[in-house]
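So the structure is just underneath, and the comments pick up after that.
Please treat every number below as a calculation from the coordinates, not as lab data. Here the structure is a predicted model, which means the values were calculated and not measured. Positions of Cβ are backbone-derived with ideal geometry, glycine not excepted, and every protein chain shown enters the neighbour counts.
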Amino acid sequence: MAETKTMAVQAKPQVRTPETAWARMIRSGAMLNLLYVPALLLFCVFIFYPFFKGMKISFTNWDGYNLDYKWIGFDNYKRMFQDPEIIKVIKNTVIYGVGSSVFQNIIGLLYALFLNMNIRTRGFVRTIIYLPVIISSLIMGYIWYFFFQYQGGAINDILLLFGDQPANLLGDPVKNVWIITFVNTYQYLGIAMVLYLAGLQSIPRDYYEAATIDGAGPWKRFVHITWPLIAPAFTVSMVLNLIGGLKLFDVIVALTNSGPGYASASLSSIMYLLYFGREDAGYAATIGILMFILISIVSITSLVFLRRREVNA
């Protein structure tokens, strides 16, 4: 009889406590989404709020300092489209962005192909090439300023040694744009080199060995193996360098301060001059909105196009 009671007690089903919503979230891993909250808050504080604040300022005549300002509607935007200097500034910005990206990727890829070979001092050479990246852009601009300046510049001193006349390189409205592009290319081509090196080192050596056995030369191996397989590295490098060139600021301020006039200005540098030089914060905010739209269109379009190339490759 006692054994029967014991078996009855053991057979009695246990009542499970209902699972709370909090416990279900922990079990399913949904709590991990809370880790996004700090980053989202920082993004809202430092990206969303300044952007919408800038949009608000672009519809005013605020000078950047006084508390009194009035709404002027789309007057700043009308002024921007009628400003003859804006076309030149947009052209310079595109040159800085596209020109720097093209040169950085071409030279960076050549460096990566060279340093991917079994060279004794390749680690030292990689360090030297990447070193300018860690230097402040403003300092890099001032370093190169002592090469290109008219009075006492290193290049003009060399020209004087050979009896030539000194060249006003930074004062030339055409040459100074390409000098700024060159300095920006020199400083950041190390990023492209590192990205391409990572892509090259991820390619299995078996592919090259099989292609060599089939009689493929260096050029065919590059076209049919290397170039398609480093497509992701090319996408990242191209988009990063493109965005960096389109928002170029520090080097311009150090070398020419957007001069002569606005001949070498970019959208970011002219925005700076309008705000602090002319105390025209409303119009400067309008230029900032234009810069945001330009960078967004160019970067998103290039990213979509290059992603498709990855799939087709």
Charge sum, other residues only, whose C-beta stays under 15 Å from residue 220's C-beta, Lys/Arg counted +1 and Asp/Glu -1: -1
Sites residue 206 and residue 43 - FRET efficiency at Förster radius 41 Å, r taken between beta-carbons, to 0.05: 0.40
If packing is taken as the mean number of other Cβ atoms within 10 Å per residue, what is the order of 115-128, 219-232, highest first? 219-232, 115-128
Would you pull out the residues with amide H under 5 Å of residue 60's amide H, same chain only if 5 or more places away, H placed 1.01 Å from N? 72
With θ set to phi - 60°, apply the Karplus curve 6.51 cos²θ - 1.76 cosθ + 1.60 along the stretch 123-135 and write out the HN-Hα couplings as whole Hz, x wherever there is a Gly or Pro. x, 5, 5, 4, 5, 5, 5, 7, 3, x, 4, 7, 8
Across 192, 233, 154, the residue with the highest GNM fluctuation in the chain (Cα network, 10 Å cutoff) is 154
Using +1 at the Cβ of each Lys and Arg and -1 at the Cβ of each Asp and Glu in the stretch 81-201, identify which of 124, 103, 168 lies farthest towards the dipole's positive end. 124
Could you give the dipole magnitude of the chain about its Cα centre, charging the beta-carbon of Lys and Arg +1 and that of Asp and Glu -1, in debye to the nearest 20? 1160 debye
Residue farthest toward the positive end of the dipole of the stretch 74-312, with Cβ of Lys/Arg at +1 and Asp/Glu at -1: which of 289, 242, 153? 242
Contour minus Cα-Cα distance for residue 85 and residue 164 (0.36 nm per residue): 25.0 nm
What is the extension gain from residue 175 to residue 198, computed as 0.36 nm multiplied by their sequence separation minus the C-alpha to C-alpha distance, in nm to one decimal? 4.8 nm
Let me have the relative contact order for the chain, percent, based on Cα pairs under 8 Å that are six or more residues apart. 27 percent
Peptides 236-243, 202-209, 107-114, 144-151 ordered by average Cβ neighbours within 10 Å, highest first: 236-243, 107-114, 144-151, 202-209
Environment charge of residue 69, counting only residues whose C-beta is closer than 14 Å and scoring Lys/Arg +1, Asp/Glu -1: -2
Placing each pseudo-label 7 Å from Cα in the direction of the beta carbon, residue 65 and residue 292 end up separated by a distance in nanometres of 2.6 nm
